[in-house]
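J.: Have a look at this one.
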There are 2 protein chains.
Amino acid sequence: MDVMYLVALGSLIALGFAFSLFKKVKNQPEGTERMIEIATAIRKGASAYLRRQYKGVSIFFAVVFVVLFILSMMGYVNNFIPFAFLTGGFFSALSGFIGMKTATMANDRTAFAAKDSLNKGLRVAFSAGAVMGFVVVGLGLLDLSIWYFFLRFWYTTVDVLKSEALIIQNITSNMLTFGMGASCMALFARVGGGIFTKAADVGADLVGKVEAGIPEDDPRNPAVIADNVGDNVGDVAGMGADLYESYVGSIVSTSSLAVAAGFGMSGVAVPMLLAALGVIASIIGTFFVRTKEDATQKTLLKALRTGTYISAAVIAVASYFVVKAVLPGSIGVFWAIIAGLVAGMLIGFTTEYYTSDNYKPTKNLSATSETGPATVIIGGLSLGMMSTVWPVIIVGAAVIISFFACGGNILDPSSFNKGLYGVGVAAVGMLSTLGITLATDAYGPIADNAGGIAEMAHMGEEVRRRTDALDSLGNTTAATGKGFAIGSAALTALALIAAYISEVSIIAPNMQFNLSITNPPVLVGLFVGAMMPFLFAAMTMEAVGEAAQSIVHEVRRQFKNIKGLMEGKAQPDYASCVDLCTRSSQRLMLPPAILAVVVPVVLGLILGVNGVAGLLAGTTVSGFVLAVMMANAGGSWDNAKKYIEAGKHGGKGSESHKAAVVGDTVGDPFKDTSGPAINILIKLTSMVSIVFAGVVAVIHLM
Amino acid sequence: MDVMYLVALGSLIALGFAFSLFKKVKNQPEGTERMIEIATAIRKGASAYLRRQYKGVSIFFAVVFVVLFILSMMGYVNNFIPFAFLTGGFFSALSGFIGMKTATMANDRTAFAAKDSLNKGLRVAFSAGAVMGFVVVGLGLLDLSIWYFFLRFWYTTVDVLKSEALIIQNITSNMLTFGMGASCMALFARVGGGIFTKAADVGADLVGKVEAGIPEDDPRNPAVIADNVGDNVGDVAGMGADLYESYVGSIVSTSSLAVAAGFGMSGVAVPMLLAALGVIASIIGTFFVRTKEDATQKTLLKALRTGTYISAAVIAVASYFVVKAVLPGSIGVFWAIIAGLVAGMLIGFTTEYYTSDNYKPTKNLSATSETGPATVIIGGLSLGMMSTVWPVIIVGAAVIISFFACGGNILDPSSFNKGLYGVGVAAVGMLSTLGITLATDAYGPIADNAGGIAEMAHMGEEVRRRTDALDSLGNTTAATGKGFAIGSAALTALALIAAYISEVSIIAPNMQFNLSITNPPVLVGLFVGAMMPFLFAAMTMEAVGEAAQSIVHEVRRQFKNIKGLMEGKAQPDYASCVDLCTRSSQRLMLPPAILAVVVPVVLGLILGVNGVAGLLAGTTVSGFVLAVMMANAGGSWDNAKKYIEAGKHGGKGSESHKAAVVGDTVGDPFKDTSGPAINILIKLTSMVSIVFAGVVAVIHLM
C-alpha cells in the first residue's frame, strides 16, 4: 500500500480534531451583552482586514500566476508550477483565515470563562489555539496528499514516465514549488498583519497612554479596537500562514532531496509519515494540557509544557520505528530527527533564558532603565546580539550531526545530498509536533484579546488579573514556539539550497557549478544575501513607523473633534482606525514583498546559479542571526517593562518605567513585524530561486 | 635595481614630511595660561592612558609571542613569525602614539589660531591630522621595507632558497603575518580607546548635561577632561592604529597572492609601488588644502575635498604608468586600482548621503524626534539598515570588476588567484592616498578638542563658533574616510581569504579543500562567522555601558562631596575620572580581544580549514553589513541631534531635542566603538587564521 494514504489519513484526523475543538469552543457562553458588542466589533474589523488583504494578495498572485504561466508555455518552468503556486497560497491563506475566525470567536468566551477560574480560561484559549495548530497541519498534509496523488496519477497514466525514480523526482520537484505560493502568502500575512498590529498598538499607546494618560485597552481610545484586531490579524492569521509555510516547506524540500540522496520513495515517505505521526503525537499531547481548578500560573505552565514534551517523546519513539520500517539500512535518519527535535527545544530554552524576567539578562535589562531610555536601548540591542551565540552553535551542531548521521561525508561531495537530506529531516523532526507547539503559541494573542475585552467590558480586577496571567504565560510558551520556528527555518533553508542545486542539475545537466566561497559570484551573492535581511527589516520597520504615524494623527483628531469622548459620554469612531490600519498595511506590505520575489531572480540573471546559491547562503546565515537578535531583544524589552510594572525599579509611572516603555515600543516591530518576516524571507528567497531556476539556467547557458 | 628601494624612499619621504608638519604645528603659539593648563591636563591624561594600555597590551603580546615561539620551535609556524608579530604590533602602536602626541599638542594651538580666523584654525588642525596620516603611511612602509630587505638577505645568503619564486613566496608569507601583530594592536587601541572615549562622553553627558543641567564641556564637570582625553585616545590613537593595520594588511595580503597569481616579483612590486606613489600623491594633495582668510565653511570643505580628489587623480594617472612598466601584459591591474579608488569614493558619498543633515534621510530622522525617543531609535536603526544596500552593491561591483580585469575567470578555478589578486589591488588602490584621507579624518577630533578648550578657557562665542564649524566639517570629511576604511576592509578580507587558502596549500600540499557552501563545515563556519560581529558588537557596547556607569557614579559623588563645585569655587578631581576610564577600558577590552583571537583557532581545530574559510567569509559579509549599519545609524543620530540644536523641530531644550539626545547616546558606541571594532575583527580573524594555519592543517591531516 502506498504509505501516502497514511498521510491523507493524518490530514483528515488533524482536520477532524480541529473541527471538534472548534465546536467545543463555539459552545462556550459568549458572555454579557457588552462583551458580545466588543467582540463583534473586533470580529468585523478582522474580517474587513482579511477581505481587503485577500483582495490585494489576489492581484499579486494573479500577476505571478500569469508570469509563471507564460514561462511554462515557453518551457522555462514545468506546466504544473503555476497551479501549485496557487494552491500553496490558497491553503496558507485558508489556515490563517480559519485560525483567525476561531480566535475572534474565542476571545470573549475566554474572558467569560476566566470569570470562573484561571484553568477554564486556559482551556478555552488553548482549545482555540489548537484549532489553528491542527488546521495548519491538516491543510498542509491535505495539499501534499492531493498533489501527490494527482501527480502520481498523471505520470503513471497520462504523461507516462519511464522509471519509478523519474516519477518520484517529478512529483517531488513539482510539489516543492507550491512552497513558493505558501511563502508568498505567509510573507503578506506576516508583513501586512505585522504592520497592522504594531501600527495600531504603537499608535494607541503613543496618544492614549502617553499623551492622554488613559490606561491600556481603555474603551475611550479610538484605536483600541484596531489594537485588538491587530492581535488577531498579525499574531494569529500571520503566524498561521507563516508556520503553514515552514511546515510544508520543510517536508517538500526534504522529499525533493530523497531521490538525489539515493533514498528513493522511502526517502520521500519518511518526512511525510513523520508529519502524519506528528498529528497523533500532538493530539495525545493536548490531553495532558489540563490541571486542577485552583491552578496557579506555575502549574498551568507545567501543564502546557507537559503537553509539548509528551508529544515530542511520542514522536521520538515513533520515528525510530518509522525509520526502522521504511529505511531499515539508514537508522541514522532517526538520529537526524532527534537532533532536530532537541535543537528546537534547546533554542527555545535559550530564547526563554534571554527573554524571561526569571533570568539574569532581562532582570539586568530592566535595571538599565534607571539611567534612562538610551541605556535601555543599548542594553536591549546588546542582549539581542549576545543571544545569537547559542542558537548558532545549536543549529551548527544539528547540521553537523544530522549530516553525518544520514551518511554525509565531507570528503566525498557525492554524498552531500544524503547528508543534506538529513538536515532536512532534522527540520521536519523539529516541526513534526507543530499541532501542539502552535497551539501553545496561538493561544497567547487570544488571551491578550480576552484581557482587552475584560478591560473594556469592566469585568473587574480579578478577571483582568487572570487574563493577564494567561497572557504572560503565553509569552513564555511563545518563546519555545519561536525557537522551533527560527531553528526550522534555518535548517529548511539549508535543505532548500541543496534542493535548488539539485533542481538546476535536473533542468540543466550541463550547468557548471562552482560553489566555492572564493568564486566571485558566490562571494557577491553572499554579500547581497547578508544585506537582504537588513534591508527587509528596515523596510518593515519603516512601514510600521509610517502606519503608526497615521494612527497617531487620527486618534488625536478624534480626541479633539468628538465632544464628550474623554468623559466617556460619546463613542469614538473605532472603524475609522481599523480602516486606516488596513489601508496603510496593505499599501506598505507590497514593496518588501515584491523585493523579496524580485531580488533572487534579478541576481540570478546577472550572476547565474552560483551567485544565487551564494545569495541563499548569505540570506540564511545573516537572516538567522538578525531574526534571533530582533526577536529576543524585542521579547526582553517587553518583559523588562512588565517586570518594572510588577513593582521593580520604581514601578509603573516612574522614570524607569517610562524608559522601559521606550524599549518596549522599539521592540514591538522588532519581535512582531521584522523578526518573523525575516524568517519567511529566508525561505521565500530559496523558493523563488527554485521556481525560476529554469529561467536563470537557460539564460546563463545561452 | 630592486624597486623596493623606492618603497623605502617613500617611507622616508612620508616620515620626513610628517616631521616637518609636526615642527610647523609645534611652532604655533600655545595660547593663554588657562588654555595651557587645560591642554596639559588632557595631555597628561592621554599619556597616562597610553602608558597603561601599552603595559596591558605588552602582557598580551608577550603571551602570544611565547605561544608563537613554542609553535615555531615545534615547526608549526615559521621561525620569523613571532618576531614579525611583534614588529607589526610595535609600529602600529607607534603610529597611534605619535598621532596622539601631535593631536594633544595641537588642540590648544588650534583653538588659539581659530581666534584669528576659521582658515588658520583649519590649517593647524589639518596639519596635525596630516602628521598622523603620514606617520601611519611612513611607518607602514618602513616595516614593510625592513622585513623585505632582511628576508631577502636571509633567503639569498643565510638559508639559501633554490628559486626566485620560492624566495618571494617565503618573503611575502612571512610579511603577511606581521599583519596579525598590527591587527591585535589595532583592536586593543580601537576597543580600549573606544570604550574610554564613549564611557567618558556618555558619563559626562548623563550627569552633567542631563542631571545637573550644565552645558557641554563645562569645566565644573569632573568628567570633562576625561571626555577630551577620550577624543584623543579613541578617535586619534585608535584610528591611527586601525588604519595602519588596514594599510599594511591590504599591501601584504595582495603581495602574498602575487606568486600564486603568476605575477611573481612584479606582482609584489605593484601594491608596494602604489603605496609609495600614494605618499607623493598625498603630499601634493595637502598643498591644495588652503583657502582665503575669509573662508566660509563651504569653501573650507571644498578645499579639503579638492586636496583628496587631486591626490586620487594623481595616483590614478601614476598607477597607469606603474602597471604599464612593471606588469606590461596585465593592464587590467590598472583597472582594478581604479575600481578600488572609485568604490571607496562612492561608499564615502553614500555614507555622507545617509549621515549628513543636508540630505533627506537625516532630515527625516530628526523629524521622528517629534514623536519621542522610540521613533527616533526605530528611525535610526532602519536608516542604518537601509544604508547598507549601496555599499554592498558597490563592493560587489568592485569585486567583480577587479576580479575579471586581472584575469580571473569564474569557469576556471586555477585563475582565481589572479582575480583575487586583483581584488587585493583594488583595496590597495583605495588606501593608497591614506596619507591625505587620514589627515582629513584625524583633524576632526583635534577640532573637537579645540572647541572643548575654547569653552573651558572662556574664549568667547566667536571662537567656539569657529571650532564648532571645524568640528562639523570634520564629521562630513570623516564620512568619506569611513567609506575608505570599511570598503578596504571588505576587499582586504577577501584577499586574505585567498591568502589563507594559498598559505594552507603551501604548508600542507595534501590538504583537501572543499569550499562549497553546501559543505557542512563551510556552512557552519558561515553561521558562526555571521554571528561573530554581533557578539563582538554586543560585548563592546556592554563594555561602554559598564564603564559609563562607573563614571556616572564618580561624577555624582564629586558633585555631592566637593563643596562649592557647582558654584565654580572649587576644582573637580579630573584625574580620578581619567583614571577610572583608563582602568575600566583596559579591563573591558580584554574579553572581546581574546575572543577574536581564540575563536578562529578553536573553530579551525574543530572544523578544519574549510570551516575556517567559511568563518572568514561569514565574518566578512555579516561584519561589513553590521559595521556600515552601526556607523551610519550612529552618524545620522549625531547629526539629527545637531540639526535640532541648530533650531529645527523646537531646537535645544525641546522635547524633540531630548528624544534626539537619546538617539545620539545610543549612536555613540555604535559609531565610535562597536562599528569600527568590527572592521578590525574582520581582518584580525583572517590574520589569526593565517598565522595558525599550520597548526590547524597539521592536526586535521593527522
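The values are calculated or read from the model by the stated rules, or taken from the named source; none is laboratory data. Since this is a predicted model, take the numbers as computed values, not measurements. Because the Cβ atoms are built from the backbone with ideal geometry, glycine has one as well, and the counts that use them run over all protein chains shown. Heads up: the accessible areas ignore ligands, DNA and RNA and are worked out on the full protein's heavy atoms, side chains in. Shrake-Rupley method; radii C 1.70, N 1.55, O 1.52, S 1.80 Å.
J.: Using a probe of 1.4 angstrom, how much of the accessible area of chain B is carbon and sulfur, in percent?
T.: Working: 13800 of 21580 Å².
Roughly 64 percent of what the probe reaches on chain B is carbon or sulfur.
J.: How far apart, in nanometres, would the label points at A:Met73 and B:Ala325 be if each is projected 7 angstrom from Cα along the Cα-to-Cβ direction?
T.: Result for the modelled spin labels: 6.4 nm.
J.: So which lysines pass the test for A:Lys302, namely a Cα distance under 20 Å, with those fewer than 8 places away in the same chain ruled out?
T.: A:Lys120, A:Lys292, A:Lys482
J.: In addition: Given H placed on each backbone N at 1.01 Å, which residues far from B:Asp218 in sequence or on other chains put an amide H within less than 5 Å of it?
T.: none
J.: Among A:Trp154, B:Trp637, what's the order by accessible area (1.4 angstrom probe), most exposed first?
T.: Of A:Trp154, B:Trp637, the descending order of accessible area is A:Trp154, B:Trp637.
J.: Only sites in a loop by DSSP and with at most 11 other Cβ atoms within 10 Å count here; which GluC sites (Glu not before Pro) in the range B:526-626 make the cut?
T.: Here the GluC sites (Glu not before Pro) that fit, given the DSSP loop and packing criteria, are B:Glu567.
J.: Using the alpha-carbon atoms, what tilt in degrees (0 to 90, nearest 10) does helix B:118-153 show relative to the longest principal axis of chain B?
T.: Its long axis makes an angle of about 20 degrees.
J.: I would also like to ask the following. Using a 7 Å offset from the Cα along the Cα-to-Cβ direction at both B:Lys23 and A:Asn561, what is the distance between the two label points in nm, to one decimal?
T.: Each label point is offset 7 Å from its Cα along the Cβ direction, giving 7.7 nm.
J.: Right, another one. Residue by residue through A:538-547, how many Cβ atoms from other chains fall within 10 Å of the Cβ on average? Don't skip to the end; give the middle numbers.
T.: Details: counts 11, 3, 1, 7, 8, 1, 2, 7, 0, 0.
Across A:538-547, the average partner-chain Cβ count within 10 Å equals 4.
J.: OK, next. Between the range A:246-289 and the range A:535-597, what is the C-alpha centre distance in whole Å?
T.: A separation of 41 Å, based on Cα centres.
J.: Let me ask you something else. Which order do the peptides B:461-469, B:668-676 take when ranked by the mean count of other beta-carbon atoms within 10 Å per residue, highest first?
T.: B:668-676, B:461-469
J.: Shifting gears a bit: Taking each residue in B:384-391, count the Cβ atoms of any other chain within 10 Å of its Cβ, then average. What number comes out?
T.: 5
J.: Along the Cα-to-Cβ line of B:Ala62, 7 Å from the Cα, sits a label point; which residues in the range B:572-586 have backbone N less than 19 Å from it?
T.: Counting only backbone N, you get B:586.
J.: Another question about this same structure. How high is the relative contact order of chain A, in percent, with contacts defined as C-alpha pairs under 8 Å that are six or more residues apart?
T.: 21 percent
J.: In Å and on Cα atoms, what radius of gyration and Dmax does the protein assembly as shown show?
T.: 31.6, 100
J.: Enumerate the lysines that B:Lys648 could reach by cross-link, defined here as Cα to Cα under 18 Å, with residues fewer than 8 away along the same chain left out.
T.: Within the straight-line cut-off, B:Lys648 pairs with B:Lys360, B:Lys363, B:Lys658.
J.: Another one. So with the 1.4 Å probe, I'd like the accessible area per residue for the protein assembly as shown, rounded to whole Å².
T.: 31 Å²
J.: R0 = 25 Å: FRET efficiency of A:Glu546 with B:Tyr359, Cβ-based, nearest 0.05? Walk me through the numbers on the way to the answer.
T.: Numbers: r = 19 Å, r/R0 = 0.76.
After rounding to 0.05, the efficiency reads 0.85.
J.: As an exercise, identify the trypsin sites (Lys or Arg not before Pro) in the range A:194-303 lying in DSSP coil whose Cβ has no more than 12 other Cβ atoms within 10 Å.
T.: Those that pass, being in a loop and sparsely packed, are A:Lys292.
J.: For chains B and A, what's the summed buried accessible area, probe 1.4 Å, to the nearest 100 square angstrom?
T.: Numbers: alone 24660 and 24660 Å², together 43170 Å².
Summing both sides, the interface buries roughly 6200 Å².
J.: Based on DSSP H runs of at least 4 residues, each adding -39500 (n - 2.57), what is the mean residue ellipticity at 222 nm of chain B after dividing by all its residues, to the nearest 500 deg cm²/dmol?
T.: -28500 deg cm²/dmol
J.: Shifting gears a bit: What lysines sit close enough to A:Lys55 to cross-link, taking a C-alpha to C-alpha distance under 19 Å and skipping anything fewer than 8 places away on the same chain?
T.: Hits, sequence-local ones excluded: A:Lys44, A:Lys101.
J.: Still on this structure: How shielded is A:605-617 by partner chains, expressed as the average number of their Cβ atoms within 10 Å of its Cβ atoms?
T.: Mean shielding by partner chains, rounded to a whole number: 2.
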